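Q: Just dropping this structure here.
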Amino acid sequence: MSFISEYISEKNKNNEKVLSVFLTAGFPEIKNFSELAINILNAGADMLEIGFPFSDPLADGPVIQHSSLAALNNGINLNNVFQYIKEIRRKTDKPLIMMGYANPVLSFGINNFVKQAKESGANGLIIPDVPIEEYDNFFDKSFDGLDIILLITPTTSNKRIKLIDEKSNGFVYCVSVSGTTGITNQNMNGTIQFLQNTYSSVEKNRMLVGFGISNENDARNFAPFCDGVIVGSAIIKSLINDNSDYDKTLELIKKLKGAVRKN
């Protein structure tokens, strides 16, 4: 069992579901990003997914696209991202996961990327645009030691779910809706049915649910049908509209964590 899956299992044994928070590296500000990340962990986030920005983020909605473009315009690159992870790792032992697209990894060089990711203290990696058919070609032996986390969507067949569960490590990322991040106008009954079916089909891994979770009510509604929730667009949106101390965002983190913790 990997570090991430063990961590999630321990949280679940203590009657709580995991709260994983997505942040775009270097957003909203370059200088205090590491401090912001630590404050978010201290406010209740159990794990961080740190997005490395890309100019064409296909799976991301407008909010995360905005943050990615802003980070790129501020000069954020993979070297900056690795430095952020090193800084955050010095102050936490919680799981840190890198999330981004294949193109920047290939441009950086796979071996160099993996080496730096491991040295920085990253525990896992999510690259949503590498399909399962390309898994073995892309994720070669050099990735050993990094959990590769794969995604399941509402259009994923049962046969494919089994294959994704088999290949994934750390957890499987269940996308609650078809489309991009930040969608909120979903059919809740249909979504719950999908989550129930998928949760029962995933046997090897823990399952976290993301996309479409914008507040504590969403988190509370989804919590029974997964091992944890992932919140991205709602956090980025909150950061955009927050003050310089990010008080409202940290309060949102506390509420989200409270919603997935059984008292």
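Just so it is clear, none of the values below were taken in a lab; they were calculated from the coordinates. Predicted, not measured: the structure shown is a model, and the values here were computed from it. A quick note on method: Cβ atoms are made from the backbone with ideal geometry, for glycine too, and the neighbour counts reach across all protein chains shown.
Q: With unit charges on the beta carbons (Lys and Arg positive, Asp and Glu negative) and the dipole taken about the Cα centre of the chain, which residue among ILE164, LEU239, SER200 sits farthest to the positive side?
A: My answer, from the dipole projection, is SER200.
Q: Taking R0 as 22 Å, what FRET efficiency do you get between ILE132 and SER9 from their Cβ-Cβ distance, rounded to the nearest 0.05?
A: Efficiency, rounded to the nearest 0.05: 0.35.
Q: If you don't mind, there's one more thing I want to ask. So for the chain: antiparallel DSSP bridges make up what percent, rounded to the nearest 5?
A: Here the share of antiparallel DSSP bridges comes out near 5 percent.
Q: Just to check I understand the Karplus step: with θ = phi - 60° and J = 6.51 cos²θ - 1.76 cosθ + 1.60, what whole-Hz values come out for the stretch 38-43, glycine and proline as x?
A: Calculated HN-Hα couplings, in order: 5, 4, 5, 4, 5, 7 Hz.
Q: A 24 angstrom limit on the alpha carbon distance is what I want to check against. Which of LYS11/LYS254; LYS115/LYS254; LYS31/LYS91; LYS167/LYS255; LYS17/LYS248 exceed it?
A: Flagged as over cut-off: LYS115/LYS254; LYS167/LYS255.
Q: Rounded to the nearest 500 deg cm²/dmol, what is the calculated helix-only ellipticity per residue at 222 nm for the chain, with -39500 (n - 2.57) per DSSP H run of length n ≥ 4?
A: -13500 deg cm²/dmol
Q: Right, something else. For the residue pair LEU72 and SER157, what label-to-label distance in nm results when each label sits 7 Å from Cα along the Cα-to-beta-carbon direction?
A: Placing both labels 7 Å beyond Cα along the Cβ direction yields 3.4 nm.
Q: Local charge sum around ILE132 (other residues, Cβ-Cβ under 14 Å, Lys/Arg +1, Asp/Glu -1)?
A: Every neighbour counted, the sum reads -2.
Q: Count the net charge of all other residues whose Cβ sits under 15 Å from the Cβ of SER201, scoring Lys and Arg as +1 and Asp and Glu as -1.
A: +2
Q: Straight-line reach only, C-alpha to C-alpha below 14 angstrom: list the aspartates and glutamates that LYS257 could link to, leaving out same-chain residues fewer than 8 apart.
A: Partners found: GLU16, ASP46, GLU216, ASP218, ASP227.
Q: Let me ask something additional. What is the magnitude of the charge dipole of the stretch 60-182 about its Cα centre, with +1 placed on the Cβ of each Lys and Arg, -1 on the Cβ of each Asp and Glu, and no other charges, expressed in debye to the nearest 20?
A: In debye, rounded to 20, the stretch 60-182 gives about 340.
Q: On to the next question. Rounding to the nearest 20 debye, state how big the charge dipole of the stretch 3-256 is about its Cα centre with +1 on each Lys and Arg Cβ and -1 on each Asp and Glu Cβ.
A: 260 debye
Q: Once the piece of chain linking ILE30 and ASP140 is laid out straight, how much longer is it, given 0.36 nm per residue of separation minus the C-alpha distance between them?
A: 36.4 nm
Q: What trypsin sites (Lys or Arg not before Pro) in the stretch 63-98 are in a loop by DSSP, with at most 12 other Cβ atoms within 10 Å of the Cβ?
A: For trypsin sites (Lys or Arg not before Pro) across the stretch 63-98 that sit outside H, G, I, E and B with at most 12 neighbouring Cβ atoms in 10 Å, the list reads ARG90.
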